[in-house]
Structure formats: C-alpha cells, structure tokens
Amino acid sequence: MIIIIDLNLGNVGSIFNMFEKIGVSSKISNRENDILKATKLILPGVGAFDSGIEKIKKNNLINSIENKVLDKSTPILGICLGMQMMLESSEEGKKKGLGWIKGKVTKFTDHNLKIPHMGWNQVRKTKNNKLTNNLLSDSRFYFVHSYFANLKDKKNQILQTEYGENFTSAFNLKNIYGVQFHPEKSHKFGMKLLENFSKI
Amino acid sequence: MIRKRIIPVLQLDGEKLVKTVLFKRKNYVGDPINAVRIFNDLEVDELIILDISINHEIKETLNFKFLKNLASECFMPLSYGGGIKNIIDAEKIFKLGFEKIIVNTSVFENNLLLEELIKHFGSQSIVHSIDVKKNFFNNYNIYIKNGEKKLKIDLFEWLKKVEDLGVGELIITNISKEGTWSGYDNNLIESVSKCMSMPVIANGGCGSIEHIKEIFKNTKVSAAAAGSFFVYQKKGMGVLINYLNKHELKEVLFL
C-alpha cells in the first residue's frame, strides 16, 4: 500500500483520487504504523518551507519516515514542497531541511518574471529514469512555486524546466524521487508519472 | 516557457450550475458534477468554482460534501470561492482537493484575514478576486457582496496593499462586462497586470477566441477566465460545455 503522508499541508485528496483512478491502492495517513508498513511513500506539501519542516518534526513522523527511506530503501516521491524539504536548506526559511539530497532551495532571480511560477510548463528529460518512462511526447505539468531545488550534484536531475532560467523539475537519488510540479493536477501526463512511480 | 492559462468559471447556486449576466439574472445551466467531468475530459488548464448563493448576512456553512464530489472528478488545478470567512473553512476546502481558495468580500470585512490565510497556507494558494465597475468620473470602484455594495477604496491603493501582503494571484472582473460576450475590459486588465508582480487573471466579457487572443497579446495577464463562453454554444443559445480545441489553443497561445 502506498501511504500518502498527511502533514496537514494542503491538498492531499487529489493524489489519492488520481491513484484511485489508475487502480492503485493508497491511503492518506499520518500514523507511524501505516508509514512503517508502507510499500511506497508520497511526501506532498504546499506552503512555506519552515512550516513544512516544523510539521514533519512535530508529528514525530521523522523517525519512521527516515527509517523507511534511509534504512529500508522504500521508494519515496516528494511533490512540490515535499520535494524541496528533501534538500539541506532553503532561502525561504531558517530551518534545516531533511538533507537527503545535497543542495539548497533557492528563489527565482529574474525580476521580470511573475512569481510564483504558476501554470502549465514543459519538462525536458536530462536523463532516462523509471519515473519518467514513456511520458507522453507533449507532456505538460502544472507548477505553483516561488522557489526551486538547486541541486549540488546535477547528475541527480532527471527533468529540467525553463522559467527565466533552467531549473530542476524532477530528481532521483537511489530510492528518493522528487518532482516540483503537481502530477496529481496534470491530467493524463501526471497520471502516467504516478503510474510509473507505483510500479518502481 | 510557461503558457498563459484559459480557465472556465463555473457558478454554483447551491448544487445547481447557473450563469449570471452583469452579476444578476441567474440562468440555470445544469448539473455541476456533469460539467466538471466534461471539463476534465477536455483537459482544461484549470477550473474556477464560485458559489454565488452564499448569503453574507446569514451565517451559512459551505456545502463541503458536494464540493468534495466535485473535486474528486478533477485532475487539474481547482480553485474555490464563495463564503470562505476563516482559516477553518479554508483548511477544509484544501483537504477536499482544491489547491486554491478565492476570497473577496470577507477580506474587505476582516482586515486580518488575507494576512492570516497567506501565513497559514502560503501565497500560492490564496487568490483574491476583485470586482469593479467604472464610475461617472471613469475611475474604478470596488464592489463586494456579489456586486451589491460599493466600497470607498481606491482600486490601485488596494492593489498595492495586497501586493505587499503577498497574495498569490488576482482575478479582476469588470461587473459591467460579465455575461455580455462583448470582450474583456482590456484597459483595466492592462493597467492592473502591468503593475502587479503576481499572476493576474482577466475575467468578465469573453465571447470569442479573438477576445482571448487580444487580451493575451495586449496585456501582461497570466490567464483568461470565462463563464458563458464555455457553458453556452453561442450568445443566446443553449447549453454546451466546451473548451478550445488543440488548434484554437495554438492560435491564442501563439505556439
């Protein structure tokens, strides 16, 4: 069972809905027991970096999540803020990130751009990966964010997107996956990606 | 590069789908769940759902159960507006599967609400809708309560304030255009979108693909929203839930 970790950070219902649509069983939970039994994890989140980190620590979920991800190699997919929290730190806040991936979350610098980067944008594969296998050729994804994951090691980047500059829109390191966009809100394009994740 | 968005707006009157003209004359359109399903199949960029039946004088609760059913049909971004007065309402809406909430009247009645919402949920999920009408002197007045109450606040001063607060997105509607099929108020949209750093959505008046093309070409707007244009066949004709086809999308987005 895929567990969608409920940190009370925005919209988790639509991830569940999309899994249901593609016939994959999932559950929204913040119980330690569920997390420890999960075959895969989703770490969603929208909102501010510090409040996300605070919530993951306050709910005392951090131990069980790290046990799964770092010791048991359970695949995990971070979405939006969930992805950003996997890095070491963020310009948006003062708190330390989870630090699973080396790098910092940084703000878009081009002042002529509308911030947040909100809407549909394209992705470019920078590397083949199970998560992005057979994505439809005209794939577009829905983004809403003001900061992006600036990876120290660009070889972990699997998708890149352009908004004033090129930034990492998806990464993978071992069992850890992250996407900046919202697959659960990206029609059949996102459905394909979540389906890929469910099969990893 | 990011695409401009084209967004159908659905108006709810309780559990019915309706469409207004100039914020009045509610015409029955059909079943909202069915409409949402069709828009999902048409792969629309985004959907805005506004409940216009909620009476601001009476303490009415939002119809969460119904909204949950609507949201479960949607695999695209979804915003909800209508009657959100506090953090608790907002949190419930997000949990149902909406990523953005739209606030209008309540932020003018409660000075702290916008700030609180942004702090709790982040800028990106808070959309502020502003309804305006031109006065005798050709200035824009802000109206609340579905266009019924005029405020004595200067539009551009208010815009500056919401910019400083960090609102994620704005929907600007000229009430005199709404439901008229006569095109957006391009001057209004241009003057708002050029001075704001956040995305601005144009609303009110869309009656053709040309109108969308014009607003995209001539203003810095990030998205074009429309009600009548996406729920009727043509002006004065029957209901037909529709959206731009691939060819038309390419045309308006200049791809």
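The values are calculated or read from the model by the stated rules, or taken from the named source; none is laboratory data. Quick caveat: nothing in here was measured; it's all calculated off a predicted structure. As a convention, Cβ positions derive from the backbone with ideal geometry for all residues, glycine included, and neighbour counts pool all protein chains shown. The protein model used for the area step is the full one, side chains on, heavy atoms only, and it has no ligands, DNA or RNA in it. Shrake-Rupley method; radii C 1.70, N 1.55, O 1.52, S 1.80 Å.
Structure values in brief
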| quantity | calculated |
| --- | --- |
| Failed item, numbered, when residue A:25 is tested on (1) among the small types (Gly, Ala, Ser); (2) more than 17 Å from the chain's Cα centre (by Cα); (3) within 14 Å of chain B (Cβ to nearest Cβ) | (3) |
| Top-ranked residue of the stretch B:73-116 - restricted to ones that are basic (Lys, Arg) and surrounded by fewer than 22 Cβ atoms within 10 Å (Cβ to Cβ), ranked as modelled with the lowest pLDDT | B:95 |
| Single unsatisfied condition, residue B:76 versus (1) closer than 27 Å to residue A:45 by Cβ; (2) touching a Ser or Thr at 6+ places or on another chain (Cβ under 7 Å) | (2) |
| Residue within the stretch A:106-115 that is within 13 Å of chain B (Cβ to nearest Cβ), over 26 Å from residue A:2 (Cα atoms) and free of Cβ contacts under 8 Å to residues at least 12 places away in the same chain present | yes |
| Residue tally, condition of a type in the set (Gly, Ala, Ser) and free of Cβ contacts under 8 Å to residues at least 12 places away in the same chain, over the stretch B:160-179 | 0 |
| Strands (runs of 3 or more DSSP E) (entirely within the stretch B:81-159) containing at least 1 residues that are aromatic (Phe, Trp, Tyr) and in contact (Cβ under 8 Å) with a residue 40 or more places away in the chain | B:140-144 |
| Flag for residue B:223 being closer than 20 Å to residue B:20 by Cα and open to solvent by less than 20 Å² (accessible area, probe 1.4 Å) | no |
| Selection within the stretch A:113-139 - within 11 Å of residue A:160 (Cβ to Cβ) and of a type in the set (A, V, I, L, M) | A:123 |
| Hits in the stretch B:160-194 - residues which are of a type in the set (S, T, N, Q) and part of a loop (DSSP other than H, G, I, E, B) | B:176, B:180, B:182 |
| Residue match in the stretch B:50-72 (condition: in a strand (DSSP E or B) and away from chain A (no Cβ under 14 Å)) | yes |
| Of all residues in the stretch B:117-152 being open to solvent by 50 Å² or more (accessible area, probe 1.4 Å), out of contact with any helix residue (DSSP H, G or I) (no Cβ under 6 Å at 6 or more places or on another chain) and over 19 Å from residue B:193 (Cα atoms), the one that is farthest from the other protein chains (Cβ to nearest Cβ) | B:136 |
| Residue within the stretch A:177-186 that is modelled with pLDDT of 95 or more, away from chain B (no Cβ under 14 Å) and in contact with a Pro (Cβ under 9 Å, 6 or more places away or on another chain) present | yes |
| Criterion: touching a strand residue (DSSP E or B) at 6+ places or on another chain (Cβ under 9 Å), among the polar types (S, T, N, Q) and either closer than 24 Å to residue B:26 by Cβ or open to solvent by 10 Å² or more (accessible area, probe 1.4 Å) (or both) - qualifying residue of B:203, B:218 | B:203 |
| Filter result for the condition that a residue is within 17 Å of residue A:17 (Cα to Cα) and touching a Gly at 6+ places or on another chain (Cβ under 8 Å), over B:78, B:70 | B:78 |
| Residue B:217 being out of contact with any Phe, Trp or Tyr (no Cβ under 8 Å at 6 or more places or on another chain) and not in a strand (DSSP E or B) | no |
| In the stretch A:159-200, the residues that are aliphatic (A, V, I, L, M) and closer than 23 Å to residue A:14 by Cβ | A:159, A:170, A:176, A:179, A:191, A:193, A:194, A:200 |
| Single unsatisfied condition, residue A:7 versus (1) of a type in the set (A, V, I, L, M, F, W, C); (2) outside any loop (DSSP other than H, G, I, E, B); (3) closer than 24 Å to residue B:122 by Cα | (2) |
| Matching residues in the stretch A:147-160 - criterion: being within 15 Å of the chain's Cα centre (by Cα) and either at the interface with another protein chain (Cβ under 9 Å from one of its Cβ atoms) or not hydrophobic (A, V, I, L, M, F, W, C) (or both) | A:147, A:150, A:156, A:157, A:160 |
| Residue match in the stretch A:78-96 (condition: open to solvent by 30 Å² or more (accessible area, probe 1.4 Å), more than 18 Å from residue A:175 (Cα to Cα) and within 14 Å of chain B (Cβ to nearest Cβ)) | yes |
| Test result for residue B:251, open to solvent by 40 Å² or more (accessible area, probe 1.4 Å) and within 22 Å of residue B:133 (Cβ to Cβ) | no |
| When residues of the stretch B:1-21 are limited to those that are over 19 Å from residue B:232 (Cα atoms) and within 14 Å of another protein chain (Cβ to nearest Cβ), the one least open to solvent (accessible area, probe 1.4 Å) | B:5 |
| Enumeration of residues in the stretch A:30-66 that are within 14 Å of another protein chain (Cβ to nearest Cβ) and out of contact with any Gly (no Cβ under 6 Å at 6 or more places or on another chain) | A:30, A:51, A:53, A:54, A:55 |
